[in-house]
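Reviewing the structure listed below.
The values are calculated or read from the model by the stated rules, or taken from the named source; none is laboratory data. Quick caveat: nothing in here was measured; it's all calculated off a predicted structure. No Cβ is skipped: glycine too gets one built from the backbone with ideal geometry, and neighbour counts run over all protein chains shown. Ligands, DNA and RNA are stripped out before the accessible areas are found, and what is left, the full protein with its side chains, is counted by its heavy atoms. Shrake-Rupley method; radii C 1.70, N 1.55, O 1.52, S 1.80 Å.
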Amino acid sequence: MGVRVSLSNLASAVANEGGIGTISSIGLGDVETLKNDYEGQSREALVREIQRAKGMTDGHIAVNFMGVLSNVEDLIVASVNEGVRMIVFGAGLPTRLPALVEEGSANLVPIISSARVGKLILRMWDRRYSRIPDGLILEGPLAGGHLGFSYDQLKQPEMYSLEILLPQVLETIEPYEDKFGRKIPVIVAGGIYDGKDIAHMLSIGASGVQMGTRFVCTVECDVSEEFKQAYLDSEEEDIVITKSPVGMPGRAIRNKFIKDLEADAKSKIKCFYRCLTVCDIKTAKYCIALALINAWRGDVDQGLIFCGQNAYRVREIVTVKEIISELIAGIEAA
Ligand SMILES: Cc1cc2nc3c(=O)[nH]c(=O)nc-3n(C[C@H](O)[C@H](O)[C@H](O)COP(=O)(O)O)c2cc1C
């Protein structure tokens, strides 16, 4: 979870409980000084987080990358050099990912929102690199942050539910699993809240689940208390879809920042470092890096608070250990 929501603290706590803890690679440099050396500073900050996480756990750590980041390739290479064994890649097509990461050095796990995109990646990787992904994350329309669906599609999420998308993805990957003689695990994400949900997803063919929202309100989560409190205070009707300068819809809590945007306020953008290839500062209504960093540091009125559709169900701050024990008990009961 970016920006800075899941860093070494949360990721290592999840890894210590037997999960795969994911560090978000985006927006890590010091905002005040980034203009001096954006690429170098972002890389150093990410390497620091990876090393911190590894110092806190012997478990599994992944790093998440957004394809639209201007320095994404540099960050991926740096992570693999630090010994990260799972590279998760979303928000953009991973056309060059296999060229950057030698086979066997790290697992490559693209995020997809449809069987169509899954097929595109499989076909391209097979033709260009004679490789297949080591796993896929299928993210449905109830997830938090940026979403791989159109605004119209998000108005009828039931048509794109994981129950509908997963069988399509499983069917699409089958010929490639046969050709390469190995399974491509599909990890589903978006709206998965309790052990019963996980058991259900496993029963319909998922190999695992990725969860975000529930882990925001944990003691270990790296985000400000104000951000966590916004989740605790939210009601179902406060969770909305908003337009992001990344060019994708995003799900967030409707706070002062979003209300100002709805009133058509455009903030003055000073951009020194072009973190996103797709952001046009002439038309962007705000700087998304700054808005997400504001939320992370607790200035929630000036910040964008990304959340999943189920954020309103979270009612207390607990430890990662408590959530994972509850999830396991729920899976067993189901
Ligand atoms: C605060 C927040 C930030 C997120 N940031 C990212 C991100 O930077 N990259 C990404 O691939 N997914 C991001 N996501 C999506 C999550 O990784 C996850 O797939 C999704 O939220 C799962 O749905 P859930 O929140 O209902 O569990 C974010 C989600 C949240 C809640």
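With +1 on each Lys and Arg Cβ and -1 on each Asp and Glu Cβ, and nothing else charged, work out how big the dipole of the chain is about its Cα centre, in Debye to the nearest 20. Provide the component values of the computation, followed by the final result.
Working: 36 positive and 44 negative charges, 206 e Å.
Once rounded to the nearest 20, the dipole reads 980 debye.
Its residue count N fixes a reference of 2.2 N^0.38 Å for the stretch 86-177, and the Cα radius of gyration divided by that reference is 1.10.
Once Lys and Arg get +1 and Asp and Glu get -1 on their Cβ, which of I258, S12, I192 lies farthest toward the positive end of the dipole of the chain? The one lying farthest along the dipole's positive direction is I258.
Near I269, no amide H atom lies under 5 Å from its own; only residues 5 or more places off or on other chains count, and H is placed 1.01 Å from N.
Note: the stretch 1-139, Cα convex hull, 100 Å³ per residue. On the basis of the beta-carbon distance and an R0 of 22 Å, Q153 and R123 show a calculated FRET efficiency of 0.45. Set the Cα radius of gyration of the stretch 141-232 against 2.2 N^0.38 Å, with N its number of residues, and you get 1.29.
Share of Cα-Cα pairs in the chain beyond 28 Å, in percent?
Of all Cα-Cα distances in the chain, 38 percent exceed 28 Å.
With the highest mean first, a sort of the peptides 9-19, 178-188, 135-145 on other beta-carbon atoms found within 10 angstrom per residue produces 135-145, 9-19, 178-188.
Packing order of peptides 278-290, 39-51, highest average first: 39-51, 278-290 (average count of other Cβ atoms within 10 Å over each peptide's residues). Name the residue farthest towards the positive end of the dipole of the chain from the options V169, V278, Q156, assuming +1 on Cβ of Lys and Arg, -1 on Cβ of Asp and Glu, about the Cα centre. Projecting each Cα onto the dipole axis, the largest value belongs to V278.
Taking the centroid of alpha carbons for each part, the stretch 128-172 and the stretch 43-60 are 29 Å apart.
Taking 27 Å as the straight-line reach from the Cα of K259, the lysines in range (excluding those fewer than 8 positions away in the same chain) are K155, K228, K243, K268, K270, K282, K285. Taking the inverse of the mean 1/r over every pair of distinct Cα atoms in the stretch 225-302 gives a Kirkwood hydrodynamic radius of 13.3 Å.
The rule of thumb for compact globular proteins, 2.2 N^0.38 Å, goes into the C-alpha radius of gyration of the stretch 182-273 1.41 times. For G92, the amide hydrogen comes within under 5 Å of the amide hydrogens of G67, counting only partners 5 or more places away or on other chains and with H modelled in the peptide plane. Taking the helices alone, the chain has a mean residue ellipticity at 222 nm of -11500 deg cm²/dmol, built from -39,500 (n - 2.57) per DSSP H run of at least 4 residues and averaged over all its residues. Other residues with beta-carbon under 15 Å from the beta-carbon of D264 carry, at +1 per Lys or Arg and -1 per Asp or Glu, a net charge of +4.
Cross-link partners for K256 among the aspartates and glutamates, with Cα-Cα distance under 13 Å and sequence neighbours closer than 8 places in the same chain left out: D238, D264, D299, D301.
Could you give the size of the charge dipole of the stretch 225-302 about its Cα centre, using +1 on the Cβ of each K and R and -1 on the Cβ of each D and E, expressed in debye and rounded to the nearest 20?
So the dipole magnitude of the stretch 225-302 works out to roughly 640 debye.
The charge dipole of the stretch 112-233, taken about its Cα centre with unit charges on the Cβ atoms of Lys, Arg (+1), Asp and Glu (-1) only, comes to about 700 debye.
Within straight-line reach of K54, meaning a Cα separation under 24 Å, sit the following lysines at least 8 residues removed in sequence or on another chain: K321. Rounded to whole numbers, the Karplus 3J(HN,Hα) couplings from phi for the stretch 139-151 are 9, x, x, 9, 5, x, x, 5, 10, x, 10, 7, 4 Hz, using 6.51 cos²θ - 1.76 cosθ + 1.60 with θ = phi - 60°, and x at Gly and Pro.
Solvent-accessible surface of protein heavy atoms, probed at 1.4 angstrom with all chains present, puts V320, V117 in the order V117, V320, largest first.
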